[in-house]
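Each remark here refers to the structure printed beneath this line.
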Amino acid sequence: MTVTRFAPSPTGYIHVGNLRTALMNYLIARKTGGTFILRMDDTDQERSKQEYADGIKADLEWLGLTWDRFERQSDRLDRYRAVADELRGTGDLYEVFETPTELDLKRKKLLNMGKPPVYDRAGLALSAEEMAKLRAEREGYWRFKLDQKRTEWNDGILGPVSIDTASVSDPVLIRHDGQVLYTFASSVDDVDMGITHIVRGADHVTNTATQIQIMKAMGGTPPSFAHHSLLTGAQGEGLSKRLGTLSLRDLRAEGVAKEALLSLMARLGSSQPVELKMSLDEIADGFELSQFGAAPTKFDADDLWPLTRARNHALPFAAVKDRIAALGVPAEMAERFWRVASQNITRLDDLSHWWTLARDGAAPVIAPEDAEFVREAMTLLPPPPYSDTTWADWTAAVKEKTGRKGKGLFMPLRLAVTGEASGPEMAELMPLLQKVRARG
């Protein structure tokens, strides 16, 4: 059975980059009837916050990305300690003592010699006496001993990948204070939880080679990996500094529709065109990992608004009934109001503008050259309530009296009644108007 996971760290709110990873893993599981696990990588107790964990859950629930199983790494610390002891016993995990300053000096020396700054494995050469002396001076920490051979896998997006781990430093897996780091905890979890497929960002490619070796050292079977391209801004600029402004909670607060967000992120970077889909089932039907490319992918938040507009235009009245009632629209007018206003909004919050206009009237916009025309036209407009024929009857009467026709007739009247040059058809809007300020 297919088992995937989304494993965010609850050190902040999730953003569009995280969503791309979560959605791909979710869709793989759903297409195959598999299991999707939400796992909080919360071993960093200083930075992990419950409010962020709750926020991540709320964002995923809003999008409909429901999980079949929930896990927390903070509940599995005993398991990590047990596996660490096993790896110490096999010699795959070894203790080191260099300080950050000492490591920095080693790196600079290697670079000055024109060599790659790879850790020299000095910890492996220490005698028992030397280690005892160092332990008396400072806390040790633990590195994983890479086999320094090529690690290869067939990536679901990148194709065949080969990493020479001789060019990679043995990774630190456990800090001096005992905290297990991501590379280790994640590897243990993925083996224990039977993860079969992992999709994540291309910045994890080298890390994948390390994790494959850790999993094999545990006696586990590595899952299938796929690494999606990283997002850039609309002009190809780095997106990392803007990700804080592209959190899902902020986009939601701005009025972005979840269907718009899901539709865009499920196709961005693939060979398929971005099309609005109204459900996750529709999105899953057309999702194929093989159609995604490795090139950096441009993300422009402005692309969310046409999709949001299309989604909102397509909503049935039943979906917005409560929202419209909350605006104060009388029940007998509500469905008509939605029919008229729905095609003239981007965000659902824009509905309040049209109800305010209908209820209170709009400040008239009257060009000086039209002032006398509008004054005369308003004498021919009866007070509300208006009917379906009011606009046609009124404009016919004004045309007959003033001789105006076409745009010269209709536009000044629209501006006088609504204060806007565009919007709903006036014949449909007039029956909703409770007041027309230009009448005086």
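Every number in this text was worked out from the coordinates using simple rules, so none of it is lab data. It should be emphasised that the depicted structure is a prediction, and the values quoted were computed from it without experimental measurement. Cβ coordinates were reconstructed from backbone atoms using ideal geometry, including for glycine residues, and neighbour counts include every protein chain displayed.
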query: How would you rank S186, S169, going from fewest to most other Cβ atoms within 10 Å of each one's own Cβ?
result: S169, S186
task: Just grab the label-to-label distance for T356 and E139, each label 7 Å out from Cα along the Cβ direction, in nm (one decimal).
output: 5.6 nm
task: Could you calculate the contour length gain from A371 to S271, that is, 0.36 nm times the residue separation minus the distance between their Cα atoms, to one decimal place in nm?
output: 30.5 nm
query: Taking the C-alpha atoms of the chain, how large are the radius of gyration and the largest Cα-Cα span, Dmax, in Å?
result: 31.2, 109
The chain, relative contact order in percent, only Cα pairs under 8 angstrom and at least six apart counted: 13 percent
- line: Restricting to lysines and to Cα separations under 20 Å from K407, and discarding same-chain partners fewer than 8 apart, the set is K399
- prompt: If the cut-off is 18 Å between C-alpha atoms, which aspartates and glutamates fall inside it for K149, apart from same-chain ones fewer than 8 positions away?
  reply: D92, D120, D164, D170
- prompt: For the pair E420 and E86, how long in nm is the line joining their label points, each one 7 Å along Cα→Cβ?
  reply: 6.4 nm
- prompt: So what's the projected area for segment 361-439, the Cα convex hull averaged over all directions, in nm²?
  reply: 4.4 nm²
field: Relative contact order [Cα under 8 Å, 6+ residues apart], segment 297-440, whole percent
entry: 31 percent
- request: Give, in nm to one decimal, the length gained when the segment between K401 and M131 is fully stretched (0.36 nm per residue of separation minus the Cα-Cα distance).
  value: 86.8 nm
Taking R39, R5 and counting other C-beta atoms within 10 Å, the order from fewest to most: R39, R5
task: With a Förster radius of 41 Å, plug the Cβ-Cβ distance of M278 and D393 into 1/(1 + (r/R0)^6) and report the FRET value to the nearest 0.05.
output: 0.55
- prompt: Pairs K401/K435; K405/K435; K49/K216: which exceed 29 Å Cα-Cα?
  reply: K49/K216
Footprinting exposure proxy for T308, T389 (fewest neighbouring C-beta atoms within 10 Å first): T389, T308
message: Between S74 and R150, what is the label-point separation in nm under the 7 Å Cα-to-beta-carbon projection?
response: 4.4 nm
- prompt: Reachable lysines from K298, Cα under 28 Å, same-chain residues fewer than 8 places away excluded?
  reply: K31, K57, K241, K258, K277
